[in-house]
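Working notes, beginning with the structure itself.
The values are calculated or read from the model by the stated rules, or taken from the named source; none is laboratory data. These numbers come from a predicted model, not from an experiment. Cβ atoms come from the backbone with ideal geometry, glycine included; neighbour counts cover every protein chain shown. We work out accessible area using only protein heavy atoms, side chains counted, and drop any ligands, DNA or RNA first. Shrake-Rupley method; radii C 1.70, N 1.55, O 1.52, S 1.80 Å.
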Amino acid sequence: YIRNVTVITQGSITTAEDPRGFAQGDAGKGAVVDGSVLNALSPTASMLFHSATFITPGVDALTMTNGVRVEWLNSFTYFADRGFYASNGVTGHVSPDGSTVNYGVELRSIGSANVYGNYGAIADGSDCIMYLIQHNFAYIGTQYKSDNDPNDVIEEQQWDDLNGGKIYVT
C-alpha cells in the first residue's frame, strides 16, 4: 500500500528547453510491480497506490507484469515515456499451492491522470486489462513541453491496446 508519496526523477542532462532531462531517457523509474518476484506464500500479487505522484521524465512511471493487480487511486504521472505500461510477462505469478500461474495485469485507475510525456497507457498482451475510470489524459504526446499548447497533443498516444490487451476508458 503506497500512500501520499511523490517520486521525482531527472535525466542526466538538462537544458533550458528540457529542464527535467526528458530527452536523455535515463531518469530513474517510478514503480515496477512484478508478480514473479513476490513471496511464494502470498495468495495474490497486488498493490494499491493512493495519492501518489510520479514525475519520471522520459522513462516509464508505472510498469506492471506477471500476474499483478494494481489499484491506482487519485494518483498522477507526469512527463513519462509511458505513464502506465502493462505486459503479460513470461514467468507469471504462481499460486501458493502451485496450481495456477497468472500472467498479465489488471489495473483499475480511478480519479487519476497522465500528464505530458509520450504515451498515457499501454496494455500489451492478451491477459492485460485496464479500467481507467474518470481518468484524465492531459497533453499526452507533448514529451517535455509544459506550455499546455493543445496543438502539441497526440490523441492517438493517450492509450493503446497491443497484442490482445484491453483498455476501457470512462
Selected residue (criterion: farthest from Ser146 (Cα to Cα)) from residues of region 89-110 that are surrounded by fewer than 22 Cβ atoms within 10 Å (Cβ to Cβ) and modelled with pLDDT of 95 or more: Glu106
Failed item in (1) in a strand (DSSP E or B); (2) open to solvent by less than 60 Å² (accessible area, probe 1.4 Å); (3) among the charged types (D, E, K, R), with Asp18 passing the rest: (1)
Taking region 30-62 and keeping residues part of a strand (DSSP E or B) and within 16 Å of Ser112 (Cβ to Cβ) leaves Ala31, Val33, Met47, Leu48, Phe49, His50, Ser51, Ala52, Thr53, Phe54, Ile55, Leu62
Where residues in region 50-64 are at negative phi and over 11 Å from the mean Cα position of the chain (by Cα), which of them is most open to solvent (accessible area, probe 1.4 Å)? His50
Restricting attention to region 65-85, which residues are open to solvent by less than 30 Å² (accessible area, probe 1.4 Å), under 12 Å from Arg108 (Cα atoms) and either touching an Asp or Glu at 6+ places or on another chain (Cβ under 6 Å) or not in a loop (DSSP other than H, G, I, E, B) (or both)? Val68, Val70, Trp72, Phe84
With Ile122, Ile129 as the choices, which residue is assigned to a strand (DSSP E or B), aliphatic (A, V, I, L, M), open to solvent by 20 Å² or more (accessible area, probe 1.4 Å) and at negative phi? Ile129
Is it the case, given these coordinates, that Gly141 is closer than 19 Å to Ile55 by Cβ, in a loop (DSSP other than H, G, I, E, B) and of a type outside the set (S, T, N, Q)? yes
Give the number of residues within region 34-48 that are touching a residue at least 40 places away in the same chain (Cβ under 8 Å) and surrounded by 16 or more Cβ atoms within 10 Å (Cβ to Cβ). 6
Kindly indicate whether Tyr131 is of a type outside the set (Lys, Arg), under 10 Å from the mean Cα position of the chain (by Cα) and either within 14 Å of Ala31 (Cβ to Cβ) or modelled with pLDDT of 95 or more (or both). no
Collect the residues in region 137-170 that are open to solvent by 50 Å² or more (accessible area, probe 1.4 Å) and under 18 Å from Tyr85 (Cβ atoms), keeping them in residue-number order. Gln143, Ile154, Glu156, Trp159, Asp160, Asp161, Leu162, Asn163, Lys166, Tyr168, Val169
Neighbours by Cβ (under 6 Å, 6+ apart or cross-chain): first from region 158-170, touching a residue at least 24 places away in the same chain (Cβ under 8 Å) and at positive phi; second assigned to a strand (DSSP E or B) and of a type outside the set (Gly, Ala, Ser): Asn163/Asp124
Check region 10-20 and report whether any residue there is touching a helix residue (DSSP H, G or I) at 6+ places or on another chain (Cβ under 6 Å) and without any contact (Cβ under 8 Å) to a residue 24 or more places away in the chain. yes
